[in-house]
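All remarks here apply to the structure that follows.
The values are calculated or read from the model by the stated rules, or taken from the named source; none is laboratory data. Predicted model, so just to flag it, every value in this text is computed and none were measured. Neighbour counts are summed over all protein chains in view; Cβ atoms, including those assigned to glycine, are modelled from backbone coordinates with ideal geometry.
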Amino acid sequence: MDAAIAIRELRVVRGGTLVLPGISVSVERGLVTGLLGPSGSGKSTLIRAVVGVQIVEGGEVSVLGLPAGAAELRSRVGYVTQTPAVYADLSVRENLTYFARVLSAPQARVAEVIDRVDLGGEANRLVGRLSGGQRARVSLATALLNEPEVLVLDEPTVGLDPVLRRDLWDFFHELADGGTTLLVSSHVMDEAARCDRLLLLREGRILAALTPDALLERTHATDLDGAFLRLIEGGEAA
Amino acid sequence: MSLSRTLATAARVIGQLRRDPRTVALLLVVPCVLILLVDQLFAGRKQVFQQVGVPMLGLFPLISMFLVTSITMLRERTSGTLERLLTTPLRKLDLLLGYGIAFALVAVVQATIVSIVGFGLLDLQAGNSKAVVVLLAVANAVLGMAFGLFVSAFARTEFQAVQFMPAFVLPQILLCGLFVARDQMADWLQWVSAALPLTYSFDALDRAAHDASLGGRFWADVGVTLGATALALGLGAATLRRRTP
């Protein structure tokens, strides 16, 4: 089967700095793929290229067989930005009602996604009055409204408490079991264990693309943090 | 474009304003207070008040909507909601028209209230053209909105966005003919004035106030105002980039 996302020789320069020097990688359908790497490694840039909002210097990014950012993809790809992209001066419900109309999702979905991200009690509160974690969940909820085939999430679990984080990862797997392709970025290696597949990014280069088990096996490390370290050191030695 | 997405956007923008009753109160009360002030300023000179008062009714919405739009759109750009929206099926035109409809509606309310004060309470005269003055006020509001949208692309912070008011709108008000008749200006100022859209909006209001027949020049003024609005919206649309660095 085709990959959901195929990136070839992607080259991105931001503010005079070469952020992605030409990477090639693919994301398989129906899996939760983790994009792991320290801050500044180029994760957000890669994600922005996948959803088609990043000006790129060269290379190709295709999503579901179409060029990234194509008009046909806009209802098929969901994007959750790193900082919550919701209106602080509207309530949770008003935000979702608006996004539902923009995405042509049935209004009944609004209540469903509010429950899904566990904000039933806050539906009528202004987003500006919510905690950072709650706001992030409103932003996530907007991307769930139209049940996109590909869901791209930029650090969705930052600032969430461990219980919520666990629930969210369980939820990502539920979506993947239903056929959704997820690309989730994170800078926390703990979360790598929750992914079906990993893309390890450092200084704009893909260090490895493999399963968490394969990573442990390959590096003979006992935990994923250690594995990442060995990979970096090994890479520099080689 | 999609009517449903356009209307959803208009409803959302109005919803945001509704959550800010202080801004709404300022939008509606301040113009009334200012027109009362001008009335008192020219208490003994009814003729001068008549000269200044009618164009003021029509120009308030332009200033208000310029400010409100430039800040709202700047927030949309900096908070990431614009980037997010542009990854959805929402088209730029849906967004622009949504803003246009929302602020035009606000302008209808604003212009109607100030007109009631001006025409009803302060005895301003515009012959049979009172409704025309209100309509011109709405057209000016949309023009101000289009300006605000465009300049929001050049502001990084709300401080900068606010400064565009004196930089962008004030010169147009000074040169439009409200303070000094255009034929009494230095030649080069007349040329500058002729290139500024507000000159034509002012002229239309001035004619509506004095000449009930609304001749060809009036319609030419209206044409220029609408054309300038379309141009500013086009330029504004060009600043809504789907892909950014």
Quick check: anything in region A:104-118 crowded, with 23+ Cβ neighbours inside 10 Å and within 11 Å of chain B (Cβ to nearest Cβ)? no
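This table checks each residue for (1) within 14 Å of another protein chain (Cβ to nearest Cβ); (2) within 30 Å of B:SER129 (Cβ to Cβ); (3) of a type in the set (Val, Ile, Thr).
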{"residue": "B:MET1", "(1), (2), (3)": "yes, no, no"}
{"residue": "B:ALA11", "(1), (2), (3)": "yes, no, no"}
{"residue": "B:ILE14", "(1), (2), (3)": "yes, yes, yes"}
{"residue": "B:LEU17", "(1), (2), (3)": "yes, yes, no"}
{"residue": "B:LEU27", "(1), (2), (3)": "no, yes, no"}
{"residue": "B:VAL33", "(1), (2), (3)": "no, yes, yes"}
{"residue": "B:LEU59", "(1), (2), (3)": "no, yes, no"}
Subset of region A:208-236 that is of a type in the set (Ser, Thr, Tyr) and farther than 11 Å from A:LEU198 by Cβ - its residue that is surrounded by the fewest Cβ atoms within 10 Å (Cβ to Cβ): A:THR222
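Residues are listed down the side, and each one gets a yes or a no for (1) without any contact (Cβ under 8 Å) to a residue 24 or more places away in the chain; (2) within 20 Å of A:ARG74 (Cβ to Cβ); (3) more than 12 Å from chain A (Cβ to nearest Cβ); (4) of a type in the set (D, E, K, R):
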| site | (1), (2), (3), (4) |
| --- | --- |
| B:ILE63 | no, no, yes, no |
| B:THR69 | no, no, yes, no |
| B:LEU74 | no, no, yes, no |
| B:ARG77 | no, yes, no, yes |
| B:GLY80 | yes, yes, no, no |
| B:LEU90 | no, yes, no, no |
| B:VAL108 | no, no, yes, no |
| B:VAL114 | no, no, yes, no |
Find the helices (runs of 4 or more DSSP H) located wholly in region A:154-238 whose residues include 2 or more that are under 17 Å from the mean Cα position of the chain (by Cα) and modelled with pLDDT of 90 or more, and list them. A:162-177
Taking A:ARG129 and the conditions (1) exposed (fewer than 15 other Cβ atoms within 10 Å of the Cβ); (2) at pLDDT below 95; (3) basic (Lys, Arg), which numbered condition does it fall short on, given that it satisfies the others? (2)
Residues that are charged (D, E, K, R), at least 2 per element: which strands (runs of 3 or more DSSP E) completely within region A:1-68 meet that? A:5-14
Candidate set from region B:145-167 (those that are small (Gly, Ala, Ser) and part of a helix (DSSP H, G or I)); member that is surrounded by the most Cβ atoms within 10 Å (Cβ to Cβ): B:GLY148
I need every pair where a residue in region B:219-245 that is over 15 Å from B:SER201 (Cα atoms) has its Cβ under 6 Å from the Cβ of a residue that is part of a helix (DSSP H, G or I) and at pLDDT 95 or above, sequence separation at least 6 or different chains. none
Would you confirm, using the coordinates I've provided, whether A:LEU151 is part of a strand (DSSP E or B), hydrophobic (A, V, I, L, M, F, W, C) and under 18 Å from A:ARG29 (Cβ atoms)? yes
